[in-house]
Amino acid sequence: MDIAAALPTAIVTLREGVEASLVVGIVLACLNKAEKPQLNQSVFGGVVAGLAGSVLIGSFLGLGLEQLQYAMPNAQGLLKPILGILFGSVAIIMLSWMLLWMTRQARSLKSEINQTVSSALTSEAAGLSIFSLVCIAVLREGFETVLFLFTQPQTLASSLLGVGMGLLGATVIGFGLFRWGIRINLGLFFQVMGVLLLLIIAGLVVSLCRNIDIAFAALSQLSSLPLDLCFGFGQSCVLGPLIWDASQSLPDKKLPGVILKVLLGYRDRIYLVQLLAYALFWLVIGGRYFRTLNQPTPPKEKTTSVSSTV
């Protein structure tokens, strides 16, 4: 079993799992303070439903892709990179957006959930409201993980290993915070995980560029298309000239290159457009992320919602 290939999935699952566990833990703390332990079953039901929904989404996408490949056996050379472009683009957008959104909302997450739970407790359908809140939170994080899985060229065993490692870590952190009273510097944790996630997403950007190049090359080879879409850069179709080649000294399919690939977005062959896209991602998304970290903490507002401790 390739543990190195499972590391990106484990990191993404760990971060998404910790975010979901924070929501679950805060909701449980609110219910405990409000002396509504009978609603705990709605919380656990929401967790189960969110996980089940994520599995169903992953299964549906997997079966759909399998049927598509079976129905179009002669188009594999074009179908695979197009699917890579589709899933890669969606994963990059969603993971980047959620990273920036969670970083901005982290300071007020506790109070917002507190207020939402307080409002839910005053309604007649309190159990359904709590269930929906938790289910949506878990399903959102699970959906992002599922999308990321479809961008990774790894075996089912490696995917399951990565998801299992991430969920185990998130569960331990969740219990440590809310059950065992262990104090963890969540700010530092999310900052470190945020940088690691940025590195992983940047690697997806490099892979996306490569899939675009492969798709253009496949289109150029179609007999029904009279135009040559390649620009004539040798092994690259639309990525420009090769500017980095360490395939002999530090290949990305062998240790330690494979570790650098899965964690830092390293590639043993880099073309000009890939380098520009990588730098642009760090300039736009990375710069926005670090500026968000440096924003001052807004003053706390008085609230009448149920108090909770983390």
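The values are calculated or read from the model by the stated rules, or taken from the named source; none is laboratory data. Only a predicted model underlies this, so the values are computations on that prediction, with no experimental measurement involved. Positions of Cβ are generated from backbone atoms using ideal geometry, with glycine treated the same way; all protein chains shown enter the neighbour counts.
Remarks
- For region 93-107, the criterion of being at pLDDT below 85 and more than 24 Å from PHE148 (Cβ to Cβ) is met by at least one residue.
- Options PHE175, PHE143, PHE131, PHE189: the member that is of a type in the set (Phe, Trp, Tyr), more than 30 Å from LEU272 (Cβ to Cβ), assigned to a helix (DSSP H, G or I) and modelled with pLDDT of 90 or more: PHE131
- Number of the condition not met by VAL284 [criteria: (1) within 20 Å of THR151 (Cβ to Cβ); (2) touching a helix residue (DSSP H, G or I) at 6+ places or on another chain (Cβ under 8 Å); (3) in a helix (DSSP H, G or I); (4) not acidic (Asp, Glu)]: (2)
- The residues of region 241-277 that are in contact with a helix residue (DSSP H, G or I) (Cβ under 7 Å, 6 or more places away or on another chain), of a type outside the set (S, T, N, Q), farther than 21 Å from LEU7 by Cβ and buried (at least 17 other Cβ atoms within 10 Å of the Cβ), listed by number, are VAL273, ALA277.
- Residue in region 101-124 that is in a helix (DSSP H, G or I), among the β-branched types (Val, Ile, Thr) and touching a Phe, Trp or Tyr at 6+ places or on another chain (Cβ under 8 Å) present: yes
- Among the residues making up region 124-168, those that are more than 18 Å from the chain's Cα centre (by Cα), surrounded by fewer than 18 Cβ atoms within 10 Å (Cβ to Cβ) and free of Cβ contacts under 8 Å to residues at least 24 places away in the same chain are GLU124, ALA125.
- Region 24-47: number of residues that are at pLDDT 85 or above and either among the acidic types (Asp, Glu) or within 22 Å of PHE148 (Cβ to Cβ) (or both): 2
- From SER54, SER59, residue being surrounded by 14 or more Cβ atoms within 10 Å (Cβ to Cβ) and in a helix (DSSP H, G or I): SER54
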